[in-house]
Amino acid sequence: MPTDDNLYFRQLLSGHDFAIGDPLALQMANFVYLIGDRSTGECAVVDPAYAVDDIVRVAAADDMRITDVMATHYHPDHVGGSMMGYRIEGITTLLEAGSFRVHVNENEVPWVVRTTGVSEGDLVSHEAGDCVHVGDVAIDLVHTPGHTPGSQCFHVRGCLISGDTLFLDGCGRTDLPGSDAEKMFESLQLLDSLPDQTVVFPGHRYSVPPSETLAEVRTHNFVLKPKKKDQWLTIFGS
Ligand SMILES: [Fe+2]
């Protein structure tokens, strides 16, 4: 975990650190992140789902207050909605309880509206390269289409919250509504250009370690091996 003086950073695993006893949360192994400024007590939550009250309680127990919501992409296990016949809690539950800025990439807005039922006015639409400040902590938004049109990663003080774009092993699926395999290749190349010591914090626990440096990820993640688009598409472009 990052240890900067005023940086508040928590990685929470669904079914373990929150939503305990929820079999779907346990099986899906989603990571939720709390990122904030200890000096102001404000924090953002990345991809709140399953048991929103639990997540709010975790932040409150650390004397932090959630002011912002950051959505990596529209899938219900990240923002709430219906999935596999289950109703997953998410940003609508948060918005019913209070006022939050919900940050979404501009290309993801209609998808988030459709999945969660929130109105467009509830969302703050962002372009690639925008920056969100939570207290004095700056979170850079990196647009990484491919898994979905408006997938975005969050870069804060050497940490990359990579959503379902880059896992420690593999990457997000490119056969879902709004997916684009060519764009996924380009997004992975963009992330691969970040410094070696960048710590990758993925959207799911699909590997034993919860995070690794990009240098470590490069040694074993096969989706980062091909450097040419046609080669990548031949192997992974289904
Ligand atoms: Fe996803």
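Below, the figures for the structure above:
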| quantity | calculated |
| --- | --- |
| Extended-chain gain in nm, criterion 0.36 nm per residue less alpha-carbon gap, SER82 and ALA215 | 44.2 nm |
| Cβ-defined net charge surrounding GLN197, 13 Å radius [Lys, Arg +1; Asp, Glu -1] | -1 |
| Pair-distance profile P(r), taking every C-alpha pair of the stretch 29-89, with 5 angstrom steps and integer % | 4, 20, 28, 22, 14, 8, 3, 1, 0 |
| Relative packing of peptides 27-38, 70-81 - highest average C-beta neighbours within 10 Å first | 70-81, 27-38 |
| Structure-based [θ]222 nm, the chain - -39500 (n - 2.57) summed over DSSP H runs of at least 4, per residue, nearest 500 | -7000 deg cm²/dmol |
| Choice from GLY98, GLY90, GLY203 with maximal GNM fluctuation in the chain (Cα, 10 Å cutoff) | GLY98 |
| Packing-based ranking, highest mean first, of 150-161, 204-215 given that Cβ atoms within 10 Å are counted | 150-161, 204-215 |
| Fewest-first ranking of THR219, THR67, using other Cβ atoms within 10 Å as the exposure measure | THR219, THR67 |
| Most to least packed among 42-50, 134-142 [average Cβ atoms within 10 Å] | 42-50, 134-142 |
| Distance in nm between pseudo-label sites at THR234 and GLN189 (7 Å out along the Cβ direction from Cα) | 1.6 |
| Cα gyration tensor category, rounded, prolate or oblate, for the stretch 120-190 with a/c compared to 1.5 | oblate |
| Rounded FRET efficiency, nearest 0.05, which uses the C-beta distance separating ALA61 from HIS133 and R0 of 30 Å | 0.80 |
| Hits among aspartates and glutamates - C-alpha to C-alpha of LYS227 under 19 Å, sequence gap 8 or more where chains match | ASP169, ASP180, GLU182, GLU186, ASP192, ASP196, GLU216 |
| q = 0.08, 0.11 Å⁻¹, the chain: log10 I(q)/I(0) [Debye, one scatterer per Cα] | -0.26, -0.51 |
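Here, each number is a calculation from the coordinates, and none is a lab measurement. This structure is a prediction, so every number in the text was calculated from the model and none was measured. As a convention, Cβ positions derive from the backbone with ideal geometry for all residues, glycine included, and neighbour counts pool all protein chains shown.
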